[in-house]
Amino acid sequence: MTKINLTVDGARVSDDVEPRMLLVQYLRERLGKTGTVIGCDTSNCGACTVHLNGRSVKSCNVLAVQADGAEITTIEGLATDGELHRVQASFRECHGLQCGFCTPGMIMQAVDLLNENPHPSEAEVRQGMEGNLCRCTGYHNIVKSVLHAAGEGAGQ
């Protein structure tokens, strides 16, 4: 077992973990952060995307011990005082989801994209989101949601 200390959605956590435990497993199984979805376990789909020290990562590709000392934000940590984050609200308003399986990862990637580029073009959104897969929507409303959130000042 290895001792880790991290901050998850603003709360300090200290725990002993197996060195081989994935961050996605730790978040879901130990902390109950089930909004972080296990999709492919191969870092292809992006459903498990979280923010590690402010940058999006696929948590199925990070060991929990690698996150020691880090600040993690999950989809559950985006809302503030019961108010959805602008990107979350934009996905709801623009119908940027269908089954919802990929939505947490899409939103986390979109927030990171908008933090890096607050006013992206459609092409930049498509490029910035290409590591996250959706099997339902055809991406049109996802792109529309990110562009709408950019117009609302999301990520700033």
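The values are calculated or read from the model by the stated rules, or taken from the named source; none is laboratory data. This structure is a prediction, so every number in the text was calculated from the model and none was measured. Every residue, glycine among them, receives a Cβ derived from its backbone with ideal geometry; neighbour counts consider all protein chains shown.
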* Structure fact -> Scanning segment 41-77 residue by residue, the ones that are crowded, with 20+ Cβ neighbours inside 10 Å and free of Cβ contacts under 8 Å to residues at least 40 places away in the same chain total 3
* To do: List every residue pair whose Cβ atoms lie under 6 Å apart, where the two residues are 6 or more positions apart in sequence or sit on different chains, the first residue falls within segment 111-124 and is over 12 Å from Leu147 (Cβ atoms) and of a type in the set (Val, Ile, Thr), and the second residue, located anywhere, is at pLDDT below 95 and crowded, with 21+ Cβ neighbours inside 10 Å.
  => Val111/Gly155
* **Criterion violated by Cys60 - all others in (1) under 27 Å from Ser14 (Cα atoms); (2) of a type outside the set (A, V, I, L, M); (3) assigned to a loop (DSSP other than H, G, I, E, B) satisfied** => (3)
* In segment 85-125, which residue that is of a type in the set (A, V, I, L, M) and farther than 14 Å from Ile75 by Cβ is surrounded by the fewest Cβ atoms within 10 Å (Cβ to Cβ)? -> Ala123
* Asked: In segment 101-156, which residues are outside any helix (DSSP H, G or I), within 18 Å of the chain's Cα centre (by Cα) and within 21 Å of Thr42 (Cβ to Cβ)?
  -> Phe101, Cys102, Met129, Glu130, Gly131, Asn132, Leu133, Cys134, Arg135, Tyr139
* Give segment 16-25 a look and list any residue that's in contact (Cβ under 8 Å) with a residue 40 or more places away in the chain, part of a strand (DSSP E or B) and farther than 17 Å from Gly35 by Cβ, or say none. => Val17
* **Selection count where residues are assigned to a helix (DSSP H, G or I) and either farther than 16 Å from Gly35 by Cα or modelled with pLDDT under 95 (or both), scope segment 72-88** => 1
* Close pairs (8 angstrom Cβ cut-off, 6 or more residues apart or separate chains): aromatic (Phe, Trp, Tyr) in segment 128-145, not in a loop (DSSP other than H, G, I, E, B) anywhere -> Tyr139/Arg126
